[in-house]
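This report refers to the structure that appears directly beneath it.
Readers should treat all values here as calculations from the given coordinates under stated rules, not as data from a laboratory. None of these values were measured; they are calculated from a predicted model. Here Cβ is always computed from backbone atoms with ideal geometry, including for glycine, and neighbour counts include all displayed protein chains.
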């Protein structure tokens, strides 16, 4: 007699940070779907038991914020309140952000009584099969050069930039590697999917504004897409770093240049779906399918 074996899939704990890239865009993403949501939904559809947390801080998303969140006993309620405050701060200081995130977004972040008793660190330490979707680095870069993409339109800001960007990028990658090592130190079962940075169409618009500014001063100025160059350098260094860690998989999402929200650096709904699909493809190679 043939005995039928029941297939039992793993229980997975999926975490997301430092930067979620899942910012909602009001016109085509009214349900605030980010790539983390896409990954969770697809894993559940495939039969996995899934829990976890997206704890992006939203306002800064620097790698040192990440270390602060994981090494200290920050309650889940603390992080959710921080997210709400971050959204409000950004909305009040950044005109573009007002177009991207509506006031109603804060109501999608619910704080339950149990959140006050659970800490992020304990949640991660207890995870039996932790998966960590990791995206960080570019915000460190902006901090180190003391400027953001929009500020570079001002010539006086550009004149203060470091002449050699490589040491700055190495410092950013060093921060990322420290985070990976911290994740492994806290839970050696972790599987990390490290997302590349991508080239937003908004970078192209800003770069052309800068070019025409410089062309007015010197008609022999040649066009050089510095944003594209720096993005490529960062991704090459991130990919190379990931090869040194068995528990890290580099995930290339540079295709997103065609799937960004208008006048924003973040993906639109389709972009978030494509990121989710790319992550799932990476995970399926790692997960035990027995």
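Return the FRET efficiency for the residue pair residue 205, residue 156: r is the Cβ-Cβ distance, R0 is 22 Å, and the value is rounded to the nearest 0.05. About 0.60, to the nearest 0.05. So what's the angle, to the nearest 10 degrees on a 0 to 90 scale, between helix 226-242 and the longest Cα principal axis of the chain? It is inclined by approximately 30 degrees.
Taking a ≥ b ≥ c as the square roots of the Cα gyration tensor eigenvalues, with a/c under 1.5 meaning rounded and otherwise prolate when a/b beats b/c, else oblate, which class fits the stretch 145-249? Note, shape of the stretch 145-249 comes out prolate. The Cα center of the stretch 225-290 and the Cα center of the stretch 115-141 differ in position by 18 Å. Summarised in one figure, the compactness ratio Rg/Rh of the stretch 63-215, Cα atoms and Kirkwood Rh, is 1.02. For the stretch 197-290, count all C-alpha to C-alpha pairs, find those more than 15 Å apart, and express that count as a whole percent of the total. Counting pairs separated by more than 15 Å, the tail of P(r) holds 69 percent.
Counting beta carbons within 10 Å around each of 76, 133, 84 and listing the fewest first gives the order 84, 76, 133.
Against the main long axis of the alpha-carbon atoms of the chain, helix 35-45 sits at an angle near 20°. Sorting 126, 237, 228 from the fewest to the most surrounding beta carbons within 10 angstrom yields 126, 228, 237. Here, the chain is characterised by an Rg to Rh ratio of 0.99, where Rg is the alpha-carbon radius of gyration and Rh the Kirkwood radius. Measuring nothing but how far apart in sequence close Cα pairs (under 8 Å, 6+ apart) lie, relative to its length, the chain scores a relative contact order of 24 percent. Relative to the longest principal axis of the Cα atoms of the chain, helix 201-217 runs at roughly 20 degrees. Taking other Cβ atoms within 10 Å as a rough exposure proxy, 103, 225 sort from fewest to most as 103, 225.
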